[in-house]
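What follows is a short report on a single structure.
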Amino acid sequence: MAYDEHLANRARDFLSSKRNVKEKKMMDGLTFMVNDKMCVGILNDDLMARIDPKYYDSVLEKTSCCEMDFTGRPMKGFVFIGPEGTKSKKDLEYWISLALDFIKKAKSSKKKK
């Protein structure tokens, strides 16, 4: 299993009331796209969240939050939150809401032709 199905279902439940949400298998995990922009995802048992870069440094101080680093360099604006940081419904909804707030102003990546 490349991602935690239980965590994915919890995220799916919260996002079910939102508009323009699509699921996409990506990076050996599951990504939730909102308005065709990457919002949150599940990789192993971690939640990945795309957040406003202006909050990046402050959220890294929160429980189980760390830089998202696939290439040897941290990806500014993307964080991983470990299981301790998403254990409660309130905590999970905090991270997803933070990502949803940023999606409103985030730019879409260029689509491949």
- Query: Does K62 satisfy the criteria of being in contact with a helix residue (DSSP H, G or I) (Cβ under 8 Å, 6 or more places away or on another chain), among the basic types (K, R) and touching a residue at least 12 places away in the same chain (Cβ under 8 Å)?
  - Reply: yes
- Query: Looking at (1) in contact with a Leu (Cβ under 7 Å, 6 or more places away or on another chain); (2) open to solvent by less than 20 Å² (accessible area, probe 1.4 Å); (3) not polar (S, T, N, Q), which is the one condition that is false for D28?
  - Reply: (2)
- Residue check for E84: modelled with pLDDT of 95 or more and surrounded by fewer than 13 Cβ atoms within 10 Å (Cβ to Cβ): yes
- Top-ranked residue of region 1-22 - restricted to ones that are within 22 Å of G85 (Cα to Cα) and among the charged types (D, E, K, R), ranked as most open to solvent (accessible area, probe 1.4 Å): D13
- Task: Please go through region 65-90 and pick out each residue that is within 13 Å of A49 (Cα to Cα) and in contact (Cβ under 8 Å) with a residue 24 or more places away in the chain.
- Result: G77, F78, V79, F80, I81, G82, G85, T86
- Residue check: is G85 of a type outside the set (D, E) and in contact with a helix residue (DSSP H, G or I) (Cβ under 7 Å, 6 or more places away or on another chain)? yes
- Which of the residues spanning region 35-59 are open to solvent by less than 10 Å² (accessible area, probe 1.4 Å) and either at pLDDT 95 or above or within 12 Å of the chain's Cα centre (by Cα) (or both)? C39, V40, G41, I42, L47, M48, A49, I51
- Note on the structure: Considering region 69-109, residues that are of a type in the set (D, E) and in contact with a strand residue (DSSP E or B) (Cβ under 9 Å, 6 or more places away or on another chain), and then whichever is nearest to D4 (Cα to Cα), we arrive at D91
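The values are calculated or read from the model by the stated rules, or taken from the named source; none is laboratory data. Since we're looking at a predicted model, the values are computed, not measured. When we count neighbours, we look across all protein chains shown, and the Cβ atoms used for this are built from the backbone with ideal geometry, even at glycine. Side chains included, ligands, DNA and RNA excluded: accessible areas come from the protein's heavy atoms. Shrake-Rupley method; radii C 1.70, N 1.55, O 1.52, S 1.80 Å.
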